[in-house]
Amino acid sequence: MSDLVTVTESGLYCAMGDFYIDPWRSVKLALVTHGHSDHARMGSQRYITHKDGQAILRYRLGEIDVTGVDYCQVLQLGGVKVSFHPAGHVLGSAQIRIETDKGEVWVVSGDYKAQYDPTCPGIEPVRCDTFITESTFGLPIYRFNEGDTVACEIVDWWEKCKAKGQVAMVGAYSLGKAQRLLASLPDLAGPIYVHGSVAAINSIYQGAGVTLPAWTHLTSEHKADKLAKEGALLVAPPSSIEGPWARRFAKRQEAFASGWMLVRGRRRMRSIDRGFVLSDHADWPGLISVIAATGAERVLVTHGFSDPLVRYLSERGLNAATLRTAYGDEEAPEAAPDASPDASIEVASESANLLSDGVS
Ligand SMILES: [Zn+2]
């Protein structure tokens, strides 16, 4: 039996349905799991995505031909039935289920997480024969606290910044991470300002019915001293905090919110004041539990720590293999784990110890 989804030079391709999923080159029909730039790229003739992701794709890709569908809505594309299912990653994120008329089912996950996120529906694992999974945090060292625990850490740090008359500046990726972080904060914790790229996505989220605390789009009208006196929290993409944009705030503390903050080498490498471990990707227990819940006997592993995950799954009797794709972590390159020799060494040595005990 030939594979229902294969890797081509344009991306993941389903020949029976004549469509691509998250293609990295221009194609006729692109099914898009979510709006991050490594999954949603310009130049295709037609796009299909979840309806909550439509505005995100238009904001990022311009005037495109995009159809929005509901979760579980079944489309007949060529010889296969296709449906989108919640992935719990960011607003509108979906796993894509493909079924042949002989009843064979494949699911392409895109990116996903198992943890609670107030800004999007939680993942619903889908039964399938073959599951194509990401592996961004596919090492047993990656175990994340829930978002509300991290929010408490952020509020505590923010209070300390306020007491020192400093702006609390937190770097969070502008699509998904920033909104999840904001939505986790208690009401009236203090004035919140956001970078323009975060403001644009905030508005899309609120347009889709997501509740966020009050925020103000930071412009050049807002004076740095005033924000410091107010004890403001400022949310911006990490690239802005690392660049000249942030330097007008003489009185500031800098933090980043990322799953990579779990690795000590990453924190040492940067001159930041705090790292908050918050990710929109599944941690190791999340990957294992979702893969198990699909019931898939065959698992194809894309971007991330694919080789350790493939080894773990193979040792447990699954037919697992790596699938080379062009996907990455949306926070890359600044958060790529191999950017830090320290981090790589720590990850390699810790994983060697932990791979053997797996998860319960
Ligand atoms: Zn993503």
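Comparison of G265, G259, G304 shows that the only residue that is modelled with pLDDT under 95 and touching a helix residue (DSSP H, G or I) at 6+ places or on another chain (Cβ under 6 Å) is G265. Screening C72 against (1) of a type in the set (A, V, I, L, M, F, W, C); (2) within 26 Å of N319 (Cβ to Cβ); (3) open to solvent by 20 Å² or more (accessible area, probe 1.4 Å); (4) away from the ligand (no atom under 16 Å from the Cβ) leaves a single unmet condition, (2). Only residues that are within 17 Å of E104 (Cβ to Cβ), buried (at least 16 other Cβ atoms within 10 Å of the Cβ) and among the aliphatic types (A, V, I, L, M) were counted in the range 6-42, giving 3. Has the range 268-286 got at least one residue that is assigned to a helix (DSSP H, G or I), basic (K, R), under 25 Å from D148 (Cα atoms) and in contact with a strand residue (DSSP E or B) (Cβ under 8 Å, 6 or more places away or on another chain)? No: zero hits.
Scan the range 48-69 for residues that are within 15 Å of Y20 (Cα to Cα) and within 16 Å of the ligand (Cβ to nearest atom) and jot them down. Of everything in the range 48-69, just one residue is within 15 Å of Y20 (Cα to Cα) and within 16 Å of the ligand (Cβ to nearest atom), namely T49. Within the option set R248, R274, being farther than 21 Å from G88 by Cα, free of Cβ contacts under 8 Å to residues at least 60 places away in the same chain and not aromatic (F, W, Y) holds for one residue only, R248. Contact annotation: residue pairs with Cβ atoms under 8 Å, 6 or more positions apart or on different chains, pairing a residue in the range 29-43 that is more than 13 Å from the ligand (Cβ to nearest atom) with a partner that is of a type in the set (A, V, I, L, M) and in a loop (DSSP other than H, G, I, E, B), are M42/I64. Could you tell me whether any residue of the range 119-140 is in contact with a Lys or Arg (Cβ under 8 Å, 6 or more places away or on another chain), more than 16 Å from the ligand (Cβ to nearest atom), among the charged types (D, E, K, R) and in a loop (DSSP other than H, G, I, E, B)? Checking the range 119-140: at least one residue is in contact with a Lys or Arg (Cβ under 8 Å, 6 or more places away or on another chain), more than 16 Å from the ligand (Cβ to nearest atom), among the charged types (D, E, K, R) and in a loop (DSSP other than H, G, I, E, B). Out of the range 221-247, which residues are touching a Cys at 6+ places or on another chain (Cβ under 9 Å) and in a strand (DSSP E or B)? If the condition is that a residue be touching a Cys at 6+ places or on another chain (Cβ under 9 Å) and in a strand (DSSP E or B), then L233 is the only one that fits. Can we say D3 is away from the ligand (no atom under 14 Å from the Cβ), under 23 Å from A321 (Cβ atoms) and open to solvent by 10 Å² or more (accessible area, probe 1.4 Å)? Criteria met by D3.
Counting only strands (runs of 3 or more DSSP E) that sit wholly inside the range 1-116, those with at least 1 residues that are over 19 Å from T136 (Cα atoms) and among the basic types (K, R) are 46-50, 80-86, 94-100.
Going through (1) within 16 Å of the ligand (Cβ to nearest atom); (2) assigned to a loop (DSSP other than H, G, I, E, B) one by one, A296 falls short only on (1).
Evaluating L233 against the criteria (1) more than 23 Å from E330 (Cα to Cα); (2) of a type in the set (A, V, I, L, M); (3) more than 23 Å from the chain's Cα centre (by Cα) leaves one unmet condition, (3). Note on the range 141-220: enclosed helices (runs of 4 or more DSSP H) holding 1 or more residues that are surrounded by fewer than 17 Cβ atoms within 10 Å (Cβ to Cβ) and of a type in the set (D, E, K, R) are 147-163. Annotation note: of V90, V107, V80, the sole residue that is within 16 Å of the ligand (Cβ to nearest atom), open to solvent by less than 10 Å² (accessible area, probe 1.4 Å) and aliphatic (A, V, I, L, M) is V90.
The values are calculated or read from the model by the stated rules, or taken from the named source; none is laboratory data. Worth saying up front: this structure is predicted, and the values here are computed from it rather than measured. FYI the Cβ positions are ideal-geometry reconstructions off the backbone, even for glycines, and counts take in every protein chain you see. Side chains included, ligands, DNA and RNA excluded: accessible areas come from the protein's heavy atoms. Shrake-Rupley method; radii C 1.70, N 1.55, O 1.52, S 1.80 Å.
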